[in-house]
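Trainee: Below is one structure. I have some questions about it.
Read-outs throughout are calculated quantities, based only on the coordinates presented, and are distinct from any laboratory measurement. What you are looking at is a predicted structure, and each value in this text was computed from that prediction instead of being measured. FYI the Cβ positions are ideal-geometry reconstructions off the backbone, even for glycines, and counts take in every protein chain you see.
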Amino acid sequence: MKYGYFDDAKREYVIETPFTPLPWINYLGSNEFFGLISNTGGGYNFYRDAMLRRLTRYRYNNVPRDTGGRLFYIKDGDEIWSPTYFPAKKELDSYKCRHGNGYTVFESSKNGIKAELTCFVPIKDNCEINRLIISNSSDSKKEISITSAIEFCLWNAADDGTNFQRNFNIGEVEIEDGVIYHKTEYRERRNHYSFYAVNQKTTGFDTDLDTFLGKFKDYENPQTVIDGKSGNSKAHGWSPIASHRLEYSLSPGEKAEIIFILGYIEVPKSEKWDGPAANGIINKKPAKELINRYNTLKAISDELDALKKHWDELLSKFEVNSGDEKLDRMVNIWNQYQCMITFNMSRSASYYESGQGRGMGFRDSCQDLLGFVHMVPERARERILDIAAIQFENGGAWHQYQPLTKRGNANVGSGFNDDPLWLIGCTFAYVAETGDYSIMDEPVQFENKEGSEKPLFDHLRASFNYTLNNLGPHKLPLIGRADWNDCLNLNCFSEEPGESFQTCANIESDAESIFIAGMFVFYGRQYAQLCQKRGLIDEAEAATAAVNEMSDTILKHGWDGDWFLRAYDSNGDKVGSSSCTDGKIFIEPQGMCVMAEVGVDTGEAKKALEATKKYLTFEYGTCLVAPAYKEYHLHLGEISSYPPGYKENGSVFCHNNPWVSIAETVVGNADEAFEIFRTTCPAYIEDISDIHRTEPYVYSQTIAGQEAPTAGEAKNSWLTGTAAWTFVNVSQYLLGIKPELDGLCIKPCLPERFNNVKIKRIYRGATYNITFVRSDEKGLWVNGIKLDSNIVPAAPSGSVISVECRF
Ligand code: GLC
Ligand code: GLC
């Protein structure tokens, strides 16, 4: 069952009912000011940091779900309704929610009144704009009132939800010319405030939640809205809100066009006050300037155009016309869009990430980069340098860092032994995309320590050597606290409720990871290429030798007979072997080792993929492990804490499905590769939205697996490395346009039915118009001339190249 449809021309998903299985959300904002917005107007705003600069309050896991956000009430006679359905929850005559790139529009109607609400964050300013257009489509005059409301968060979202003995005393507001200013804590250590403005004459306001709602009322039916009269209340502590009342008398065909602005303002410390500080009147000049920039409909439509241009530009680097509209819409719009959202948000704020949890992950950030480096290479460069600076001199790394401070997070620590290798992966991707070798000469600190700067290339070398310096008894890499699978904790034996499975006391053991071994082969080859380009020929050869040796070791000690083993545990016992009771086969080493071409010539690669299909793949995707663990295994850790079929314990963990799809392209199985891609791809499973439940336009982290009672149900949408890896898979392996150091490698691997595909790829400033046609005579023709390799050499910026790929 579907709850809407894709409008590709507008790059929108149009939701046709407020009753989606879960809130279906979108993101507003591109730089520093952000908003989350659901299909009933829910969500919240923040400036830069979702925990420390939260502007509006949102109660996670509330009843009913998703109850905070942009609230609007239209009162038409005795009827009170909301254009976003929530909060008034009155049945609407019509309803549509259009989630587009960086904006969301609601179109609804009731009893001859039409409402159109457009929500977006302009590119250059720290505010969210809500343009509300109300029109009278009936044939009689209407007297209506409109009430808006938002609830302020007292800045620090964590403290806001816990420290009530203080917080009920500190809320402060000012009201001037219909603008409501939220200035809690401004008198002492803050030099920022927020405001909620409207560009039309108001007939009332409220800033005190209790006055606005009335006794025992909730947002569904505030007493002041029912009474048709605002309380004109001023908040002193408790819960400051901002609400405006506007009244209109609309003749048939007449419209009211209203602009609401929620803004964030920072004022230099010396200019905080308007008059003496003791008067407590804040300096509103910058707020007024911002409000003035957006007080006309023309200004709003210009900003919407600018936003569209911004996304046109970002999405223009890779465009495909394959004849399969679902594939095209994912590649051209939604998958790239999601990659940019993971760039903006990392794992901080979604409907599953509270904005108060993790900072930025070392491995997560490196992998996210693979999906956005072609869109924002300059910002990718900066991110690589930030990440590298939390690396240790021995190549290890802090596992997480805080975006505001860019410092490693000591609570989580280090010792996740896959981390260092991802740094090679993202740097290689950056250099292959841009041809900018200078990044490797860039001085970068180790552990953010002054004076420890070394060229980025030395960091890559440290990463590569870290694996080699940490080998176990089988000469396979030691796993440490965990590798990519955060929940396979072979050295952290947790027996205390509440403690972190990853960071509890770490025993010293020789537990080894075949996954890291596969990664070492995959990224070690990229490292050798970078050495070569720097003229370090001996080093390149030594690296290649080490990689080949690791590949042999995998086949010798990491092969179980029909598939790759997952690990050796702290006792030296096998994990992910046919000899195990549960957890016989894991997806990660099958994907990663075959991606790295281990066992391709000797047959193990194909066998591993056959076993993957047989034991792990079912109708909703390829599961992480089978059989899932049924009881808690102290020596395996968090993985066995999840009920069978969920999360790391045997769900379809979407992030690693593309590895298997890529692996299928490595062995030349185009049909299998595409099938794996298709099975978890949102656009292809839109029809089972009732089972899948999360948004059909973006990937989720997990889909309940074959052993789960709710198989097929997804959770944790939006902020997942799945976005980047599926984009890498579809663009570089299925469509086969892969940036290499010397140019664009073109090697599609697509099912027979794709016989006429056109791709536009902007690469290092040149435009490549690429056509795939089926032919017996295979090869690449560049501007009419046949090439004798798969790599189209990088062309000068500004040039236009036409490539025909006969395949
Ligand atoms: C989560 C983490 C990621 C990890 C994955 C598998 O997505 O953010 O770092 O690799 O889970 O455990
Ligand atoms: C939990 C999750 C895992 C995530 C980790 C991050 O272990 O299951 O997916 O990577 O938390 O700390």
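Trainee: Kindly point out which whole DSSP H helices in the chain project their C-alpha atoms 18 angstrom or further along the helix axis while averaging a Kyte-Doolittle hydropathy of -0.5 or above. All intermediate terms of the calculation are to be shown ahead of the outcome.
Mentor: Working: long enough: 297-315 (27 Å, -0.37); 419-434 (23 Å, 0.79); 456-469 (19 Å, -0.16); 514-533 (29 Å, 0.55); 537-557 (30 Å, -0.11).
The answer, listed by residue number, is 297-315, 419-434, 456-469, 514-533, 537-557.
Trainee: Dipole of the chain, Cα-centred, from +1 at each Lys and Arg C-beta and -1 at each Asp and Glu C-beta, to the nearest 20 debye? Show your work: numbers first, answer last.
Mentor: Working: 85 positive and 110 negative charges, 367 e Å.
Using Cβ point charges on Lys, Arg, Asp and Glu, the chain gives about 1760 debye.
Trainee: Could you please report the charge total around residue 285, scoring K, R as +1 and D, E as -1 over all other residues with beta-carbon less than 14 angstrom from its beta-carbon?
Mentor: Details: positive: 272, 284, 288, 293; negative: 174, 176, 177, 266, 271, 274, 289.
Counting the neighbours of residue 285, the net charge comes to -3.
Trainee: Note down the nm distance, to one decimal, between modelled labels 7 Å out along Cα→Cβ at residue 10 and at residue 378.
Mentor: For the pair residue 10/residue 378, the computed spacing is 3.2 nm.
Trainee: The chain: D in µm²/s via Stokes-Einstein (Kirkwood Rh, Cα pairs, 4 °C, 1.567 mPa s)?
Mentor: Result for D is 46 µm²/s.
Trainee: How much length, in nm to one decimal, is gained on full extension between residue 407 and residue 277, taken as 0.36 nm per residue of separation minus their Cα-Cα distance? Present the calculation step by step, with values, prior to reporting the outcome.
Mentor: Values: separation 130, 0.36 × 130 = 46.80 nm, distance 3.49 nm.
Here the segment from residue 407 to residue 277 would lengthen by 43.3 nm.
Trainee: Among the lysines, select those whose C-alpha is under 18 Å from the C-alpha of residue 647, and discard any that sit fewer than 8 residues away in the same chain.
Mentor: Hits, sequence-local ones excluded: 584, 630, 715.
Trainee: List 40, 680 from most exposed to least, where exposure is judged by having the fewest other Cβ atoms within 10 Å.
Mentor: Details: 40 27, 680 24.
Fewest-to-most Cβ neighbours within 10 Å comes out as 680, 40.
Trainee: Can you give the calculated 222 nm mean residue ellipticity of the chain, where each DSSP H run of n ≥ 4 adds -39,500 (n - 2.57) and the sum is split over every residue, rounded to the nearest 500 deg cm²/dmol? Show your work: numbers first, answer last.
Mentor: On the way: 20 runs with 213 residues, N = 807.
That calculation yields -8000 deg cm²/dmol at 222 nm.
Trainee: Separate question: According to a simple spin-label model (label point 7 Å from Cα along Cα-to-Cβ), what is the distance in nm between residue 296 and residue 771?
Mentor: Distance between label points: 4.8 nm.
Trainee: What does the charge count near residue 58 come to, summing +1 for each Lys or Arg and -1 for each Asp or Glu among other residues with Cβ under 9 Å from its Cβ?
Mentor: Working: positive: 54, 57, 59; negative: 66, 151.
Local net charge: +1.
Trainee: May I ask you to compute the full-extension gain from residue 688 to residue 781, defined as 0.36 nm times their residue separation minus their alpha-carbon distance, rounded to one decimal in nm?
Mentor: Working: separation 93, 0.36 × 93 = 33.48 nm, distance 4.19 nm.
That pair, residue 688 and residue 781, stretches by 29.3 nm at full extension.
Trainee: Work through the residues other than residue 324 whose Cβ is under 11 Å from its Cβ and net out their charges, Lys, Arg +1 and Asp, Glu -1. Before the final figure, lay out the partial values.
Mentor: Working: positive: 326, 329, 678, 753; negative: 325, 328.
Local net charge: +2.
Trainee: Please get the size of the charge dipole for segment 337-396, origin at its Cα centre, with Cβ charges of +1 on Lys and Arg and -1 on Asp and Glu, quoted in debye to the nearest 20. Each step should come with its number before you reach the end.
Mentor: Numbers: 6 positive and 7 negative charges, 19 e Å.
The calculation lands at about 100 debye.
Trainee: Please compute the contact order of the chain in relative form: average sequence separation of alpha-carbon pairs under 8 Å and at least six residues apart, divided by the residue count, as a percent. Mind showing how you got there, number by number?
Mentor: Numbers: 1892 pairs, mean separation 72.3, N = 807.
Across the chain, relative contact order equals 9 percent.
Trainee: Between residue 216 and residue 312, with labels modelled 7 Å along Cα→Cβ, what's the label distance in nm to one decimal, could you check?
Mentor: 5.7 nm
Trainee: On alpha-carbon atoms, Rg over Rh for segment 603-756 using Kirkwood Rh?
Mentor: Values: Rg = 16.1 Å, Rh = 16.1 Å.
Rg divided by Rh gives 1.00.
Trainee: Cut-off is 10 Å between beta-carbons; in what order do 255, 298, 715 appear when sorted fewest neighbours first?
Mentor: Ordered by Cβ neighbours within 10 Å, fewest first: 298, 255, 715.
Trainee: Please rank 164, 493, fewest neighbouring Cβ atoms within 10 Å first, as an exposure proxy. Provide the component values of the computation, followed by the final result.
Mentor: Values: 164 11, 493 17.
Placing the least packed residue first, the sequence is 164, 493.
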